[in-house]
Amino acid sequence: METDHKAAMTQERCDRNGTQDIQDLRASLSTDGLSAEHLFHFADIDSTSSRAHELARQGYPEGTLVLADCQTMGRGQHGRGWHSAQGKGAYLSLLLRPCAKPAHMTGLTLMTAVCLAEAIMETCGVAASIKWPNDLLVRGRKLSGILTEMSLTGEAIDHVIVGVGINLSHEEHDFPEEIRRQSTSIRMESGSHPGRATVVHAFLVRFTRAYRGYLEQGFASFASRWEDLSCMTGRAVRVACAGSAIEGIATGIDETGALVVRCTEGSEHMIVSGQVTLVE
Ligand code: BTN
């Protein structure tokens with residue numbers, strides 16, 4: 001989980017009604033009893049997560065949702081960017097205000113990944129696997145990423161922003177050269193996609209239900225669903241963190257969502273953050 005940041009300001013257009021699919025999303029969220037009251041749709045924006053942090057600081061409530069057709073400064077983990085081409089993907093950020101200790105939120109990204117993989121399977125028929133902690137992969141290529149950022153006041157959580165990017169309708173040539181061979185989209189995997197609103201709606205329904213369970217029971221109640229969807233267990237991994245690296249076999253996750261890695265000499269490491277590479 002990454003900490004708060006300074007929002008970069010760019011020219012942007014906020015459209016409270018949105019395109020037809022956003023109107024459909026608003027309607028389907030209301031039908032399912034989810035609040036669509038604070039749904040902000042932008043034709044283009046720097047980053048939906050940056051905007052969601054700003055809305056949080058302005059006092060917007062839990063459940064506030066920011067969606068964009070395009071991001072000019074989409075952010076990924078470890079200071080990387082997120083390619084956010086116009087109309088090609090779903091780019092969204094959700095504002096949460098959990099009454100919980102910061103340490104309780106470490107498995108939130110993993111829970112989100114479970115909801116996302118299940119929603120994509122349900123709506124698109126595409127089986128994505130989870131690479132710890134925040135990637136959804138198909139054939140080893142990245143389909144979707146999650147960026148969870150927590151903002152603290154003292155030692156208490158002020159808010160959490162869960163940002164999700166899903167590649168929907170990209171063809172291979174739509175990705176920049178440097179990520180082309182590691183990236184995929186729903187369309188590349190299945191020939192079509194059911195529409196942004198359908199996928200986002202399925203994700204939000206699952207997320208809302210799961211989040212309530214997570215606050216009550218923690219990550220442990222999602223661990224088996226995560227294991228079923230994960231591509232990590234039994235794989236050789238390299239974990240880089242704060243200038244050092246370890247190599248070993250990923251043997252699973254613990255009850256908090258930390259990745260358990262066993263090194264060849266037998267030592268066991270609980271990884272809570274770091275860049276994980278699948279070695280083979
Ligand atoms: C990653 O895989 O490194 C995480 C990518 C997260 C991208 C999403 S797109 C919507 C939201 N806004 C951002 O700037 N980033 C997240």
Close pairs from the stretch 71-87: first more than 19 Å from Lys131 (Cα to Cα) and near the ligand (Cβ under 6 Å from one of its atoms), partner charged (D, E, K, R) and in a loop (DSSP other than H, G, I, E, B), Cβ under 7 Å, at least 6 apart: Gln71/Asp46
From Ser221, Ser192, Ser244, residue being at pLDDT below 95, closer than 30 Å to Asp69 by Cβ and more than 16 Å from the ligand (Cβ to nearest atom): Ser192
Residues satisfying the stated conditions in the stretch 161-186, i.e. more than 11 Å from the ligand (Cβ to nearest atom) and in contact with an Asp or Glu (Cβ under 7 Å, 6 or more places away or on another chain): Arg180
Single match in Leu94, Leu143, Leu55 (criterion: over 28 Å from Ile249 (Cα atoms), within 14 Å of the ligand (Cβ to nearest atom) and either in contact with a helix residue (DSSP H, G or I) (Cβ under 9 Å, 6 or more places away or on another chain) or β-branched (Val, Ile, Thr) (or both)): Leu94
Check on His104, surrounded by fewer than 20 Cβ atoms within 10 Å (Cβ to Cβ), at pLDDT below 95, closer than 30 Å to Cys241 by Cβ and over 17 Å from the mean Cα position of the chain (by Cα): yes
Selection status of Ala245, farther than 25 Å from Val162 by Cα and either in a helix (DSSP H, G or I) or not hydroxyl-bearing (Ser, Thr, Tyr) (or both): yes
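Residues checked against (1) surrounded by fewer than 20 Cβ atoms within 10 Å (Cβ to Cβ); (2) in contact with a Ser or Thr (Cβ under 9 Å, 6 or more places away or on another chain); (3) of a type outside the set (Phe, Trp, Tyr):
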| site | (1), (2), (3) |
| --- | --- |
| Phe175 | no, yes, no |
| Ala197 | no, yes, yes |
| His201 | no, yes, yes |
| Ala210 | yes, yes, yes |
| Arg225 | yes, no, yes |
| Cys231 | yes, yes, yes |
| Glu247 | yes, yes, yes |
| Glu268 | yes, yes, yes |
| Gln275 | yes, no, yes |
Checking His5 against (1) modelled with pLDDT of 85 or more; (2) within 16 Å of the ligand (Cβ to nearest atom); (3) within 27 Å of Tyr211 (Cα to Cα); (4) of a type outside the set (Asp, Glu), the condition it does not meet: (1)
Any hit, the stretch 42-52, residues being within 9 Å of the ligand (Cβ to nearest atom), acidic (Asp, Glu) and either part of a loop (DSSP other than H, G, I, E, B) or touching a strand residue (DSSP E or B) at 6+ places or on another chain (Cβ under 9 Å) (or both): yes
Criterion: at positive phi and either surrounded by fewer than 24 Cβ atoms within 10 Å (Cβ to Cβ) or within 14 Å of the chain's Cα centre (by Cα) (or both) - qualifying residue of Gly74, Gly81, Gly154, Gly145: Gly154
Any helices (runs of 4 or more DSSP H) falling wholly within the stretch 103-199 and containing at least 3 residues that are in contact (Cβ under 8 Å) with a residue 12 or more places away in the chain: 108-124, 186-190
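The values are calculated or read from the model by the stated rules, or taken from the named source; none is laboratory data. Note that the structure is a prediction, hence the values are computed from the model and not measured. Heads up, the Cβs are rebuilt from the backbone with ideal geometry, glycines too, and the neighbour counts pull from every protein chain shown.
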